[in-house]
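The values are calculated or read from the model by the stated rules, or taken from the named source; none is laboratory data. Source: prediction; values computed, not measured. No Cβ is skipped: glycine too gets one built from the backbone with ideal geometry, and neighbour counts run over all protein chains shown. With ligands, DNA and RNA removed, areas are computed over all heavy atoms of the protein, side chains included. Shrake-Rupley method; radii C 1.70, N 1.55, O 1.52, S 1.80 Å.
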Amino acid sequence: MKEKWMMVRKMVPDMTDELVKRYRILKTVKLLEPCGRRLIVLSLGMTERTVRGEIEKLNAQGLVRVSKTGMSVTEDGAEVLEELSALFAHLTGMAELEEDVRKILGAKRVLLAQGDCDESERTVKEMAQMGARVLLEIAKKSSRIAITGGTTMAALVEALPVTALQKAEMVLPARGSIGRKLELQADTLAAKMAEKVGAEYRMLHLPDNLSQTVLAEMRSEPEIAETIAELNRVNILLLGVGDALEMASKRRLDAATQKYLREKDAVAEACGYYFNHKGEVVYETNSIGIDFQEVQRMESVLVSAGGKRKAASLLALSKSMSNAIFILDEGAAVEMLRLARG
């Protein structure tokens, strides 16, 4: 199929370009629905005239519905998107890019959203929907899921539909999560996800950087000890990735620690662990949560992060993530290829 379409593209390039353009508009409407034309224009960088003309055609074909509340994709439109997704991955070069990045990361699987999530809300939503879809594929009634906090994980939970059948037994925060933004904390996301997948949940109302004495005391608390025992049984981890120095600043690590991280060439942070370019852990916060030594034993690790600025962090983390599925965007993917190829 791929080879045949490549021949068609050589013979009639205008036709395949039109197909790709219309498919991208239809997909963007699906991601942002209900939405107006202006939002599509801003998301795709096309002219308003082009978007208006294509929407009129998609509406006439019964693939898009236009109403006072905005545009949405019809059942026929959703079916077209589903059936043609693999074809368009090849036509746009996304399939090849995914495979190139998968090889560099040494990952089990890589899925890419179009664009850069630092520049487009559309890309954020596409990544979130990809992550939600993969989670529903790998989760089962007996699954025990841990999730980190942050904007990427929050978008994934938001994209997750309420399931008719139970898709997990337990959902837990991957680490203690007292912070400024309640809606982005691992505790909050674990509770929201549990409600959607029909699971029980536990919470960890604990700050970072506890003293060793306080940490030991907290571990002995019955409720905390029970949650730690549950964390040791987790088989699916949903993991966000951050830039090491940026996260150190957000988490208000002291000046001496931030200096130490710079000296140790820390580039990535995940679940309270800080990694250098070689993927080595150079610092660990005093907090209660997932033990990174246990990650390799898990059935599935779903890593999700996007944006060109996350490329170095993702490359570093991949050194200890051979069993992971990566949900990324083009911005991160292209920059990773550039860094890897030197």
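Counting 0.36 nm for each residue step from residue 226 to residue 92 and taking away their Cα separation leaves a gain of 43.4 nm.
Across segment 228-240, coupling constants 3J(HN,Hα) worked out from phi with the 6.51/-1.76/1.60 Karplus curve, θ = phi - 60°, read 4, 4, 5, 4, 5, 9, 4, 10, 10, 10, 9, 10, x Hz, and Gly and Pro carry x.
Residue 151 to residue 284: extension gain in nm, 0.36 nm per residue of separation minus the Cα-Cα distance? Show your work: numbers first, answer last.
Details: separation 133, 0.36 × 133 = 47.88 nm, distance 2.18 nm.
In short, 45.7 nm is gained.
A cut-off under 12 angstrom between Cβ atoms defines the neighbours of residue 71, and their net charge, with Lys, Arg +1 and Asp, Glu -1, is +3. If R0 is 22 Å, the Cβ-Cβ spacing of residue 195 and residue 257 corresponds to a FRET efficiency of close to 0.05.
Please check which bits of segment 228-244 a label hung off residue 323 would reach, taking the label as a point 7 Å along Cα-to-C-beta and the cut-off as backbone N under 12 Å. Only 233-237 fall inside the zone, counting backbone N under 12 Å. The angle between the Cα long axis of helix 186-197 and the longest principal axis of the Cα atoms of the chain comes to about 50 degrees, rounded to the nearest 10. Derived scalar couplings between HN and Hα for segment 328-333 equal 10, 10, 4, x, 5, 5 Hz in order, rounded to whole Hz, by the Karplus curve 6.51 cos²θ - 1.76 cosθ + 1.60 (θ = phi - 60°), x for Gly and Pro.
May I ask you to give the percent of accessible area on segment 189-342 that is carbon plus sulfur, with a probe radius of 1.4 Å?
48
Per residue, the chain exposes an accessible area of 49 Å² to a 1.4 Å probe, with every protein chain left in place. Projecting the Cα positions of 194, 114, 311 onto the charge dipole of the chain (unit charges on Cβ atoms of Lys, Arg, Asp and Glu, taken about the Cα centre) puts 114 furthest along the positive direction.
Once the other residues with Cβ under 12 Å from the Cβ of residue 136 are scored (Lys, Arg +1; Asp, Glu -1), what is the net sum? Cβ neighbours under 12 Å give a net charge of +3. Taking other residues whose beta carbon is less than 15 angstrom from the beta carbon of residue 168, and scoring Lys, Arg as +1 and Asp, Glu as -1, yields +2.
When the pairs 192/319; 21/308; 103/310 are compared against a 28 Å limit on Cα-Cα distance, 192/319 fall above it.
A straight chain from residue 38 to residue 78 at 0.36 nm per residue would run longer than the Cα-Cα distance by 12.3 nm.
Would you please classify the overall shape of the chain from the alpha carbon gyration tensor, given that a ≥ b ≥ c denote the square roots of the eigenvalues, rounded means a/c under 1.5, and beyond that prolate means a/b larger than b/c while oblate covers the rest?
In terms of gyration-tensor shape, prolate.
From its DSSP helices (H runs of at least four residues, each -39,500 (n - 2.57)), the chain gives a residue-normalised ellipticity at 222 nm of -15500 deg cm²/dmol. Heavy-atom accessible surface of residue 118, to the nearest 10 Å², is about 80 Å², with a 1.4 Å probe and all protein chains retained. An ellipsoid equivalent to segment 66-111, defined through the eigenvalues of its Cα gyration tensor, has semi-axes of 31, 12, 9 Å when rounded to whole angstrom and sorted largest first.
Using a 1.4 Å probe on the protein heavy atoms, what percent of the accessible area of segment 102-187 belongs to carbon and sulfur?
On the way: 2010 of 3790 Å².
Here carbon and sulfur together make up 53 percent of the probe-accessible area.
Let a ≥ b ≥ c be the square roots of the eigenvalues of the Cα gyration tensor of segment 150-240; is it rounded (a/c under 1.5), or, if not, prolate (a/b larger than b/c) or oblate? In terms of gyration-tensor shape, oblate. Percent of Cα pairs in segment 31-103 per distance bin of 5 Å, from zero to the largest separation: 3, 15, 18, 22, 19, 11, 7, 3, 1, 0.
Relative to one another, the C-alpha centroids of segment 275-342 and segment 111-141 are positioned 16 Å apart. Computed on the Cα atoms alone, the convex hull of segment 62-219 gives a volume of 177 cubic angstrom per residue. To the nearest 10 degrees, how steep is helix 75-91 against the longest Cα principal axis of the chain, on a 0 to 90 scale? Tilt of helix 75-91: around 80 degrees.
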